[in-house]
Amino acid sequence: MALTPSNSIELGHIAQDFNLYEPKSDSFLTFNKLKGKEGTLVMFICNHCPYVVHIIEGIVNLANDYMEKGVSFIAINSNDIKNYPEDSPDKMIEFSREFSIPFPYLYDESQEVAKLYDAACTPDFNLVSGDGKIIYRGRFDAARPGNNIELTGIDMRNAIDRMLAGQNQDIDQAPSIGCNIKWK
C-alpha cells in the first residue's frame with residue numbers, strides 16, 4: 001500500500017459525464033442521470049483500502065443525512081481487478097450490502113473516469129455543485145487508521161453545508177489521503 005494524497009486540481013471546471021456499470025443493479029448509469037439538484041459527491045473508493053474501510057460508515061451516515069437535501073452520492077471503483085480481485089464487481093456488491101451503502105457504487109473497468117477526474121487515491125472526493133462545477137477537492141476529515149482521531153466527516157460536512165448555503169469554498173482544502181489507485 002502506497003500512501004498517496006489526492007491531486008490538487010483547479011476548481012470550478014465542469015464535472016465530466018460518464019457511463020459506468022453498477023454491479024448491484026446490473027445496469028449502466030451516467031453522471032447526468034445520477035447528479036443531485038443541489039450537488040453531487042463523486043468518490044473514488046474500493047473494497048480493500050484500509051483508509052476507505054476506516055471511513056465508509058461515516059460516508060454512509062453523511063449520505064443518509066444529505067441525500068434528502070438534494071445532494072446525490074456516487075462511488076466509483078477504478079482499481080485493476082486482475083491484480084486486486086478483492087475489488088471485483090461481485091465483491092463490490094458484497095461491500096455495498098455489508099455497509100448498507102445507499103448510493104450507486106460504479107465500476108470503472110477502463111479507468112478512464114479516474115483519469116478524467118484526476119483521481120489518485122482511495123478515497124478521493126469531488127464535490128460538484130448543482131450547476132455541475134467541481135467546488136471542493138479534499139479530505140473527508142482528519143481521521144485515519146490508527147491515528148485515534150474521531151471520525152466525524154467535518155471537512156466534507158462543512159463543504160456540503162457551504163454549498164447548500166450558496167457560500168464560496170474559499171478555504172484551505174486539505175487533500176484526501178489513502179491508498180493509490182491500482183492502475184493497470
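Using Cβ point charges alone (K and R +1, D and E -1), the dipole size of the chain about the Cα centre works out to roughly 120 debye.
Estimate the FRET efficiency between residue 180 and residue 142 by the formula 1/(1 + (r/R0)^6), using the beta-carbon distance for r and 25 Å for R0, to the nearest 0.05. That pair, residue 180 with residue 142, gives E of 0.80. Modelled this way, with points 7 Å down the Cα-to-C-beta line, the labels at residue 131 and residue 152 are 3.1 nm from one another.
With a threshold of 30 Å on the Cα-Cα distance, the over-threshold entries among 69/182; 82/133; 24/115; 37/182; 24/184 are 69/182; 82/133; 37/182. Taking the Cβ of residue 79 as the centre, find all other residues whose Cβ is under 13 Å away and add up their charges (Lys, Arg: +1; Asp, Glu: -1). Computed value for this residue: -2.
Hey, what number do you get for the chain at 222 nm if only DSSP H runs of n ≥ 4 count, each worth -39500 (n - 2.57), divided across all residues, to the nearest 500? Kindly include the intermediate steps, with their values, before the conclusion.
Working: 5 runs with 47 residues, N = 184.
After summing the helix terms and dividing by residue count, I get -7500 deg cm²/dmol.
Note on residue 83 and residue 13: with the Förster distance fixed at 45 Å, the Cβ-Cβ geometry gives a FRET efficiency of about 0.90. Near residue 7: Cβ cut-off under 15 Å, other residues only, Lys/Arg at +1 and Asp/Glu at -1. The net charge is 0. Convert 37 °C to kelvin, take the viscosity as 0.692 mPa s, use the Kirkwood radius over C-alpha pairs of the chain as Rh, and evaluate the Stokes-Einstein diffusion coefficient in µm²/s, rounded to a whole number. Once the numbers are plugged in, D ends up at 204 µm²/s. Spin-label model, residue 53/residue 111: points 7 Å from Cα along the beta carbon direction are separated by 2.3 nm. Anyone know which of 156, 67, 43 comes out most mobile in the 10 Å Cα GNM of the chain? Among 156, 67, 43, the largest GNM mean-square fluctuation belongs to 67. With the charge dipole of the range 3-180 set up from +1 on Lys and Arg Cβ and -1 on Asp and Glu Cβ about the Cα centre, the Cα lying farthest toward the positive end among the listed residues 167, 14, 74 is that of 167.
Write down the percent of antiparallel bridges among all DSSP beta bridges whose residues are both part of the range 3-180, to the nearest 5. Please list the in-between numbers first.
Numbers: 19 of 28 bridges.
Here the share of antiparallel DSSP bridges comes out near 70 percent.
Cβ screening of the chain for cysteine pairs under 4.7 Å finds these without a partner: 46, 121. Between residue 168 and residue 28, the simple label model (points 7 Å from Cα in the Cβ direction) yields a spacing of 4.1 nm. In terms of the Cα gyration tensor, with a ≥ b ≥ c the square roots of its eigenvalues, is the range 134-184 rounded because a/c is under 1.5, prolate because a/b exceeds b/c, or oblate? It is oblate, given that a/c is not under 1.5 and a/b is not larger than b/c.
Any read-out appearing in this document is the output of simple, stated calculations on the displayed coordinates, not a laboratory observation. All figures in this text were calculated on a predicted structure; none of them were measured in a lab. Don't worry about glycine lacking a Cβ; one is built from the backbone with ideal geometry, like all the others, and counts go over all protein chains shown.
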